Structure formats: structure tokens, C-alpha cells
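Shown next, in C-alpha cells, is the structure this report addresses.
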Amino acid sequence: MLVKKGQSSKGSLGVETNASNGCRKVAIRPVTANDLQNLVDLERECFTAEAYTKGQIRDLLEHPNAVAFLAEIDADIAGFVISLVEGFEGSKLGHIVTIDVAVKHRRKGVGLTLLKAVEDALSQSEARTVYLEVREDNISALRLYRKQGYVKTEILENYYSSGIRALRMMKQLKS
Ligand SMILES: CC(C)(COP(=O)(O)OP(=O)(O)OC[C@H]1O[C@@H](n2cnc3c(N)ncnc32)[C@H](O)[C@@H]1OP(=O)(O)O)[C@@H](O)C(=O)NCCC(=O)NCCS
């Protein structure tokens, strides 16, 4: 079962792209089963108490509608994103479940590159809209999402176990 971050304890497809961040290349590739432990470690680095567990991440990656990418800089794992295609034929939605960038690789364009890659893949899977949830006090993520065109659609009270609210944000994808 898929649970939200902070609740109790949180096949890939895709494109291969390279994006220049000015000095180093961010290489994007689909996540494989061999990446699991690295993703778990990165998730803990990014979210500590609210981190998805190894089992939850495995379940997400094994979900038939999962779309997940990993970012590397010079073969070092810099970040990852996991999303799901939800809904039905003709009304599909992309749900970005988690996006994590290693502390040492932040502000290099990794998050933005992952977001663009997953949006492209969701669009190819015929999702017309993409949505996500974000802590209302997560300034860096909120700025990233706004920069990429996401708008707030809903406030979710007590979304996290800490009692913190989440914002639901949404973006229309180009067909
Ligand atoms: C949020 C996160 C994914 C951003 O990743 P990143 O690779 O550092 O982001 P980018 O370098 O691609 O930044 C893109 C834009 O996001 C915004 N941004 C990112 N980090 C920011 C920060 N610390 N302060 C302010 N704005 C920030 C900026 O608008 C930035 O554009 P700019 O560099 O031209 O100003 C990263 O900080 C992270 O992993 N945080 C912990 C996990 C998390 O909160 N994930 C989101 C859960 S909803």
C-alpha cells in the first residue's frame, strides 16, 4: 500500500537526457532494481523522520505504473524522482511521489532536471496533468515547483504526522 510521507514510518520507464548545469553534466536514467539501497540512503538523507522506508520505496518502484529516474553527476548518484501514473484511459494523471537531491549536489539544477524528465515521461504516458504534495514550510521545493509552473490547488491539513500542512500543487502538461 502506498502511504504518504510522515504517515507511520513513505518498472520504470523513461528517456535518457543530459542537461548541462554550467560546469557539470547531470545524466538522467531510469531507476533499476539495483539502485534500491542507494535510493533508501538518499531518502534518509533528505527526509530523516519522514523518509519512506525501504519496503515502501521497493513497493513504489515495483508498482506497474511507476515512472522513476535517477540523476548522476560524474557517476555519483545526485538525486532521484518517483512518480505514478494514476487514473484511467483518457483521464490520466501523473503523481510525483518523491523527489530527492543529495545535499552535496543541491543548487546545481538536479531537481529541475529530474522534474523535467519525469514530466516528459508522464506526458508520453498520456498524463495531461501532474500533481504533488509538499510541506508548506519546504521553501526550496516550493520555489522549485513554482519555477516549473506548478500552482497551489489545495491545502491538506495535518497531512504529515508532525501536524504540518501540505500544499497540493498541480501543473497541466503539454500534449
Ligand atoms: C527541493 C530539492 C529537490 C531541490 O533540488 P535542487 O537540485 O537543489 O534544485 P535546483 O538546483 O534544480 O533548483 C531549481 C530551482 O529551485 C529553487 N530552489 C532550489 N533550492 C532552493 C533553495 N535552497 N532556496 C531557494 N530556492 C531554491 C530555485 O528557484 C532554483 O532555481 P535557481 O537555482 O535558478 O534559483 C532539494 O532541495 C531536496 O532534495 N530537498 C530535500 C527533499 C525535498 O524536500 N524534496 C521535495 C519534497 S516535496
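A few comments on the model shown:
- One chain, two ends: Arg168 and Gln148. Fully extended at 0.36 nm per residue, the span grows by 5.7 nm beyond their Cα-Cα distance.
- Here each label is just a point 7 Å from Cα along the line to Cβ, and for Ser125 and Ile139 those points are 3.3 nm apart.
- Between the stretch 63-110 and the stretch 123-167, the alpha-carbon center distance in angstrom: 14
- The distance between label points at Glu62 and Asp41 comes to 2.3 nm (points 7 Å beyond Cα on the Cα→Cβ vector).
- Kirkwood hydrodynamic radius over Cα pairs of the chain, then Stokes diffusion coefficient at 4 °C and 1.567 mPa s, in µm²/s: 80
- Segment Ser175-Arg106, length gained on full extension (0.36 nm per residue, minus Cα span): 21.8 nm
- Its Cα centre serving as origin, the chain has a Cβ charge dipole (Lys and Arg +1, Asp and Glu -1) of approximately 640 debye.
- Amide H contacts under 5 Å for Gly87, placed H, 5+ residues apart: Leu93
Every read-out reported here was derived from the displayed coordinates using simple, explicitly stated rules and does not represent laboratory data. For clarity, every value in this text was computed on a predicted model and none was experimentally measured. Neighbour counts run over all protein chains shown; Cβ positions are idealised from the backbone, glycine included.
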